[in-house]
Amino acid sequence: MVKVRRSERLVDMTQYLLEHPHTLIPLPFFAKRYNSAKSSISEDLGIIKRTFSLRNRGILETIPGAAGGVRFIPEISETQARVIVNELCERLSEKNRLLPGGYVYLSDLLGEPELLRKVGQIIAAKYKDQKIDAVMTVATKGVPIAQAVSYQLNVPFVIVRRDSKITEGSTVSVNYVSGSSQRIEKMELSKRSLKKGSRVLVVDDFMKGGGTVNGMKGLIEEFEAELVGITVFAESNFSGCRVIDEYHSLLCVEEVDVQTKTISVIPGTYFNK
């Protein structure tokens, strides 16, 4: 096997680490991959670690011992996150987003790959020090957000549905009260989706009264799993009694004026201490 030059190793190692977040990678793996001594690999990882720290890309953990190695944990600085969230506030405040009935159009934002990557990075950073086994959302608009977050955490994401799909097999269902309309709704999840004791992060695109998120919380309890946290892309001011009080939101739709077609959007609770 031809020995790989340091410049090539650094590029390839960086790419590999970015593509495998939260994964413990033994040093012998890289040594064999590049036909290089472990000492050389350690020096390379030191360079990458300093660069990640300097650029606020994340933390490169070193785990000593025979069973050790390195693990890349993505993160984003609060300053970077605030810049992204402020840009989102401006975009969500655009007049052409106002739909009949006072609804706000989000689909185009949740269809932009680069924006989703940033959103996934911001949400995942909030839980980087916690053990997460799965990310949960409800079909359909929450799916791209859940996928973006699960990629950053390197865990599966599961999709809760409101209607039965034969391809899901046996399911567990719960009834919940919609927070905004106060109607009784049903949601369900395949029995194969979650294992008992799983630690679950719930994400969603938009929250009003919190009924849908509360329904997912009920499903997690039915699976004898544990809710780690809740983060939504955007929330709206809600005049009634919200059924969820512990959550994070990136954006808050503070006011919608149908007459003047104006939308006021501010940063959500994500940055609250």
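The values are calculated or read from the model by the stated rules, or taken from the named source; none is laboratory data. All values derive from a computational prediction rather than experimental measurement. When we count neighbours, we look across all protein chains shown, and the Cβ atoms used for this are built from the backbone with ideal geometry, even at glycine. Surface accessibility is based on the protein's heavy atoms, side chains included, excluding ligands, DNA and RNA. Shrake-Rupley method; radii C 1.70, N 1.55, O 1.52, S 1.80 Å.
Quick one: is Leu194 aliphatic (A, V, I, L, M), closer than 15 Å to Met216 by Cα, part of a loop (DSSP other than H, G, I, E, B) and open to solvent by less than 60 Å² (accessible area, probe 1.4 Å)? Against the criterion (aliphatic (A, V, I, L, M), closer than 15 Å to Met216 by Cα, part of a loop (DSSP other than H, G, I, E, B) and open to solvent by less than 60 Å² (accessible area, probe 1.4 Å)), Leu194 qualifies.
One residue stands out among those in region 17-29 that are assigned to a helix (DSSP H, G or I) and in contact with a Phe, Trp or Tyr (Cβ under 8 Å, 6 or more places away or on another chain): the one that is nearest to Pro74 (Cα to Cα), which is Leu18. Only one of the listed residues (Lys3, Lys32) is in a helix (DSSP H, G or I), over 25 Å from Ile122 (Cβ atoms) and modelled with pLDDT under 95. That residue is Lys32. The residues of region 103-136 that are open to solvent by 30 Å² or more (accessible area, probe 1.4 Å), under 24 Å from Leu219 (Cβ atoms) and within 12 Å of the chain's Cα centre (by Cα) amount to a single one, Lys126. Considering only region 22-42, state which residues are charged (D, E, K, R) and surrounded by 13 or more Cβ atoms within 10 Å (Cβ to Cβ). Correct list: Arg33 only.
One line per residue, one yes/no per condition, for (1) in contact (Cβ under 8 Å) with a residue 24 or more places away in the chain; (2) open to solvent by less than 50 Å² (accessible area, probe 1.4 Å):
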{"site": "Val172", "(1), (2)": "yes, yes"}
{"site": "Arg183", "(1), (2)": "no, no"}
{"site": "Lys186", "(1), (2)": "yes, no"}
{"site": "Leu219", "(1), (2)": "yes, yes"}
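Only residues that are closer than 17 Å to Val203 by Cβ and of a type outside the set (D, E, K, R) were counted in region 237-266, giving 7. For region 232-261, taking the residues that are of a type in the set (Val, Ile, Thr) and touching an Asp or Glu at 6+ places or on another chain (Cβ under 8 Å), the one that is farthest from Gly101 (Cα to Cα) is identified as Val232. Filtering region 206-242 to residues that are under 21 Å from Ala134 (Cβ atoms) and part of a helix (DSSP H, G or I) leaves Thr212, Val213, Asn214, Gly215, Met216, Lys217, Gly218, Leu219, Ile220, Glu221, Glu222. So which residues in region 243-273 are open to solvent by 30 Å² or more (accessible area, probe 1.4 Å), free of Cβ contacts under 8 Å to residues at least 60 places away in the same chain and part of a strand (DSSP E or B), if there are any at all? Result: Glu254, Glu255, Asp257. Val158 meets each of the listed conditions (1) within 20 Å of the chain's Cα centre (by Cα); (2) within 30 Å of Pro100 (Cα to Cα); (3) of a type in the set (A, V, I, L, M) apart from (2).
Within region 162-187, the set of residues being charged (D, E, K, R) and either in contact with a helix residue (DSSP H, G or I) (Cβ under 8 Å, 6 or more places away or on another chain) or in a loop (DSSP other than H, G, I, E, B) (or both) comprises Arg162, Asp163, Lys165, Arg183, Glu185. Taken over region 44-101, the residue count meeting the criterion of being open to solvent by 70 Å² or more (accessible area, probe 1.4 Å), among the basic types (Lys, Arg), out of contact with any Phe, Trp or Tyr (no Cβ under 9 Å at 6 or more places or on another chain) and at pLDDT 95 or above is 3.
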